[in-house]
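Structure first, commentary second.
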Amino acid sequence: MSGNGDRAVFRGYSLRRETWHIAGHAFVLEWPDNIDAILDLPITAERFARDESMPYWAQPWPSSAMLAEEILNSGPGGGRAAVELGCGLGLVSLAAAARGWSVTAGDYDADALAFAARNAALNGLRLRQTQRIDYREPAPQAAYDAVFAADLLYERRKVEPVAGWIAAALRPRGVALVADPNRSAADGFPEAAAALGLAVSVKDVQTTVPAGLVARGRIWSVRQAGHGSTTAA
């Protein structure tokens, strides 16, 4: 980190800092303070032209708070292996680490991984690692006891690759928790997961994010069919 007048700078971004209170925990989060400026960068246009990538990582999303609350109110991780897909700023990974999971924070964007690691350090939490993960690419086979994902299904074309990644990466008695703010684009996720031999249940959730805003959505619990769970749910 370097100074820019009175404003902190990390990886070239001026920073905003907030404390998010979730399920009795206080998480200090930092992220770029000018999202519009990131959208105007030439590299953003280049990445979009290459694979329609957008810097959605650069702000916290309500679904992350919903999923973080679910994890914090669930059983302890006990050192078992978990991964967050599309970690962005890392809030869900921080919640999982706080509950004792051995967490890999995964994202396609190197800046997201750097901010996730930074936010973990700000909160005195240890991540197992940060790792570039593209869920369109093959997943490590049966590598994780838990897979966490928040608001990844904002386009219909993402439903099948996310379900496929989970099906490959989840251990037999593991669970994936997938949070979504009731986007219609995500409605086909249970069917896509079932077609891959996964069992899916859903519950409606809501939480309150900073400024008193109520966030509503749903969390899918996903397991290998025929297996109970001794993990997060």
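Numbers at a glance
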{"read-out": "Close pairs from segment 26-41: first without any contact (Cβ under 8 Å) to a residue 24 or more places away in the chain, partner among the polar types (S, T, N, Q) and surrounded by fewer than 13 Cβ atoms within 10 Å (Cβ to Cβ), Cβ under 6 Å, at least 6 apart", "value": "Ala26/Thr19"}
{"read-out": "Candidates Gly88, Gly77, Gly100 - the one that is in a loop (DSSP other than H, G, I, E, B), touching a residue at least 24 places away in the same chain (Cβ under 8 Å), at positive phi and crowded, with 20+ Cβ neighbours inside 10 Å", "value": "Gly88"}
{"read-out": "Of all residues in segment 91-113 being acidic (Asp, Glu) and under 14 Å from Ile133 (Cβ atoms), the one that is modelled with the highest pLDDT", "value": "Asp107"}
{"read-out": "Qualifying residues in segment 133-165 (those that are of a type outside the set (A, V, I, L, M) and touching a Gly at 6+ places or on another chain (Cβ under 7 Å)) - the one nearest to Ala110 (Cα to Cα)", "value": "Tyr144"}
{"read-out": "Test: Ser221 is in a strand (DSSP E or B), more than 20 Å from Ser93 (Cα to Cα) and not aliphatic (A, V, I, L, M)", "value": "no"}
{"read-out": "Criterion: in a helix (DSSP H, G or I), at pLDDT 95 or above and either under 25 Å from Thr207 (Cα atoms) or in contact with a Phe, Trp or Tyr (Cβ under 8 Å, 6 or more places away or on another chain) (or both) - qualifying residue of Ala139, Ala116, Ala146", "value": "Ala116"}
{"read-out": "Filter result (at pLDDT 95 or above and out of contact with any Asp or Glu (no Cβ under 9 Å at 6 or more places or on another chain)) within segment 207-223", "value": "Ser221, Val222, Arg223"}
{"read-out": "Residue within segment 104-114 that is among the β-branched types (Val, Ile, Thr) and more than 20 Å from Gly217 (Cα to Cα) present", "value": "yes"}
{"read-out": "Looking only at segment 119-136, and only at residues there that are charged (D, E, K, R) and in a loop (DSSP other than H, G, I, E, B), the one that is surrounded by the most Cβ atoms within 10 Å (Cβ to Cβ)", "value": "Arg128"}
{"read-out": "Test: residue in segment 180-189 that is buried (at least 19 other Cβ atoms within 10 Å of the Cβ), closer than 18 Å to Pro60 by Cα and either at pLDDT 95 or above or not polar (S, T, N, Q) (or both)", "value": "yes"}
{"read-out": "Among the residues listed as Val162, Val175, the single one being surrounded by 14 or more Cβ atoms within 10 Å (Cβ to Cβ), in contact (Cβ under 8 Å) with a residue 12 or more places away in the chain and under 14 Å from the mean Cα position of the chain (by Cα)", "value": "Val162"}
{"read-out": "Check on Arg47, among the basic types (Lys, Arg), under 24 Å from Arg132 (Cβ atoms) and modelled with pLDDT under 95", "value": "yes"}
{"read-out": "Residue count, segment 159-191 (criterion: touching a strand residue (DSSP E or B) at 6+ places or on another chain (Cβ under 9 Å), outside any strand (DSSP E or B) and of a type in the set (Gly, Ala, Ser))", "value": "4"}
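The values are calculated or read from the model by the stated rules, or taken from the named source; none is laboratory data. Keep in mind the model is a prediction, meaning the values are calculated, not measured. Cβ coordinates were reconstructed from backbone atoms using ideal geometry, including for glycine residues, and neighbour counts include every protein chain displayed.
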